Amino acid sequence: MTVRSKLLLIVLDGVPYENWRSLFGNLEGWVQSGEARVWTMRSVLPSTSASCYASIHTGVPPQVHGILSNDIRFRVSQPDIFSEVSKAGGITAAVTHSFWSEFFQRHPFDPVRDIECDNAEGPIHHGRFHSMSGYNSVNQMTPSDDDLFATLTMLIERYSVDYGILHTCTLDSMGHRFGHETPEMDHAAYLLDAQLAAYLPRWRAAGYEVIVTADHGQTLRGHHGGRDRRMQEFALYYFGDAEGSGTDTVLDQLQLAPTILDRLGVSIPATMQATPFLFPIPE
């Protein structure tokens, strides 16, 4: 089997649906021009970061993969996007929080050994990870998003990556610190939207389909983990040539992994039982 197409998944941590639709003018401009489509997606429960990361990539709920909080971390046993793309002969890359390395490469995370990886065996062939060690409400310990976008772009251009993921915690951290009805959050979302916009045309010109989304939302007070709509619902933007479900459909986060594998032309493992939400345009 060979990978038939290329795709990038961009995960902006902790952005509720309302913030996407009101503050991300570049993304909304591409929706308005017809170059992108947007849906509502609902996270798994608990709507906790680590739980969502593991579900995004395995397509199974936390009650199955076992990552039930940010404090429970191990190498998950279920097939995931990295493992399946790697088995199909594709090249993978990740520019993410270190939790992704622990869940899908090896646990525990050793910063000296694991902060960078270029591993011919995979499943993550090229990884650049950050830990946010020392994070607190005063010092967010988040790297520059512009640097993260540049790093992903360097990896995909240097190594001809088939599937790449970028994950940044900036807006999640800003929400926890300031909440969502604040000038600080307005400016942070504006800045991230502008930085992302500088790279999207370059990725598309290089032949990548692109999905931009979150892992979960947040309440106005900057909380998530529970069942509140603002905690669970966020937007998903798709740049590519596939058709999709009606835009009034609320997508399930468990659909993301099988959808990505399907777009790449990689076999979907039996553990991923949700239905893909993108499909080829009929000829």
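Test Ile56 against the stated conditions and say whether it is out of contact with any Pro (no Cβ under 8 Å at 6 or more places or on another chain), hydrophobic (A, V, I, L, M, F, W, C) and open to solvent by 20 Å² or more (accessible area, probe 1.4 Å). Outline the logic, then answer.
Values: out of contact with any Pro (no Cβ under 8 Å at 6 or more places or on another chain): yes; hydrophobic (A, V, I, L, M, F, W, C): yes; open to solvent by 20 Å² or more (accessible area, probe 1.4 Å): no.
No, not satisfied.
If Ser5 satisfies all but one of (1) under 24 Å from Met132 (Cβ atoms); (2) in contact with an Asp or Glu (Cβ under 7 Å, 6 or more places away or on another chain); (3) open to solvent by 10 Å² or more (accessible area, probe 1.4 Å), what's the number of the condition it fails?
(1)
Among the numbered criteria (1) hydrophobic (A, V, I, L, M, F, W, C); (2) at pLDDT below 95; (3) open to solvent by less than 10 Å² (accessible area, probe 1.4 Å), which single criterion is violated by Val138?
(3)
Collect the residues in segment 174-209 that are more than 19 Å from the chain's Cα centre (by Cα), outside any helix (DSSP H, G or I) and surrounded by 19 or more Cβ atoms within 10 Å (Cβ to Cβ), keeping them in residue-number order.
Answer for segment 174-209, where residues must be more than 19 Å from the chain's Cα centre (by Cα), outside any helix (DSSP H, G or I) and surrounded by 19 or more Cβ atoms within 10 Å (Cβ to Cβ): just His180.
For (1) open to solvent by 30 Å² or more (accessible area, probe 1.4 Å); (2) touching a residue at least 40 places away in the same chain (Cβ under 8 Å); (3) within 23 Å of Ala150 (Cβ to Cβ), each residue gets a yes or a no:
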position	(1), (2), (3)
His224	no, yes, no
Asp241	yes, yes, no
Leu251	no, yes, no
Pro258	no, yes, no
Asp262	yes, no, no
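Under 8 Å by Cβ, and 6 or more places apart or on different chains, what pairs join a residue from segment 57-77 that is over 16 Å from Ser43 (Cα atoms) with one that is basic (Lys, Arg) and not in a helix (DSSP H, G or I)?
Close Cβ pairs (under 8 Å, with a partner that is basic (Lys, Arg) and not in a helix (DSSP H, G or I)) amount to Arg75/Arg106.
Could you pull out the residue among Ser47, Ser77 that is over 25 Å from Val3 (Cβ atoms) and either surrounded by 18 or more Cβ atoms within 10 Å (Cβ to Cβ) or among the hydroxyl-bearing types (Ser, Thr, Tyr) (or both)?
Working: Ser77 fails: over 25 Å from Val3 (Cβ atoms).
Result: Ser47 is the single residue among Ser47, Ser77 that is over 25 Å from Val3 (Cβ atoms) and either surrounded by 18 or more Cβ atoms within 10 Å (Cβ to Cβ) or among the hydroxyl-bearing types (Ser, Thr, Tyr) (or both).
Within segment 141-153, count every residue that is under 18 Å from the mean Cα position of the chain (by Cα) and open to solvent by 20 Å² or more (accessible area, probe 1.4 Å).
Start the filter on segment 141-153 by keeping residues that are under 18 Å from the mean Cα position of the chain (by Cα), which leaves 142-153.
Narrowing further to those that are open to solvent by 20 Å² or more (accessible area, probe 1.4 Å): 142-144, 146-147, 150-151.
Summing the residues that are under 18 Å from the mean Cα position of the chain (by Cα) and open to solvent by 20 Å² or more (accessible area, probe 1.4 Å) in segment 141-153 gives 7.
Each row is one residue, and each column tells you yes or no for (1) over 24 Å from Arg4 (Cβ atoms); (2) among the aliphatic types (A, V, I, L, M).
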| residue | (1), (2) |
| --- | --- |
| Pro111 | yes, no |
| Ile115 | yes, yes |
| Pro123 | no, no |
| Gly127 | no, no |
| Ser137 | yes, no |
| Asp162 | no, no |
| Leu166 | no, yes |
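In contact (Cβ under 8 Å) with a residue 12 or more places away in the chain, within 17 Å of the chain's Cα centre (by Cα) and not in a loop (DSSP other than H, G, I, E, B), is that true of Ser47? Let's see the steps before the verdict.
Details: in contact (Cβ under 8 Å) with a residue 12 or more places away in the chain: yes; within 17 Å of the chain's Cα centre (by Cα): yes; not in a loop (DSSP other than H, G, I, E, B): no.
Criteria not met by Ser47.
If Leu68 passes every condition in (1) modelled with pLDDT under 95; (2) farther than 21 Å from Ile124 by Cα but one, which one does it miss?
(1) is the only condition that Leu68 fails.
Can you pull out every residue in segment 11-26 that is assigned to a helix (DSSP H, G or I) and in contact with a strand residue (DSSP E or B) (Cβ under 7 Å, 6 or more places away or on another chain)? Give the steps one after another, and end with the answer.
Initial filter on segment 11-26 (assigned to a helix (DSSP H, G or I)): 17-23, 25-26.
Once the filter is applied, which keeps residues that are assigned to a helix (DSSP H, G or I) and in contact with a strand residue (DSSP E or B) (Cβ under 7 Å, 6 or more places away or on another chain), segment 11-26 yields Tyr17, Trp20, Arg21.
The values are calculated or read from the model by the stated rules, or taken from the named source; none is laboratory data. Predicted model only: the values in this text are computed from it and were never measured. Cβ atoms come from the backbone with ideal geometry, glycine included; neighbour counts cover every protein chain shown. With ligands, DNA and RNA removed, areas are computed over all heavy atoms of the protein, side chains included. Shrake-Rupley method; radii C 1.70, N 1.55, O 1.52, S 1.80 Å.
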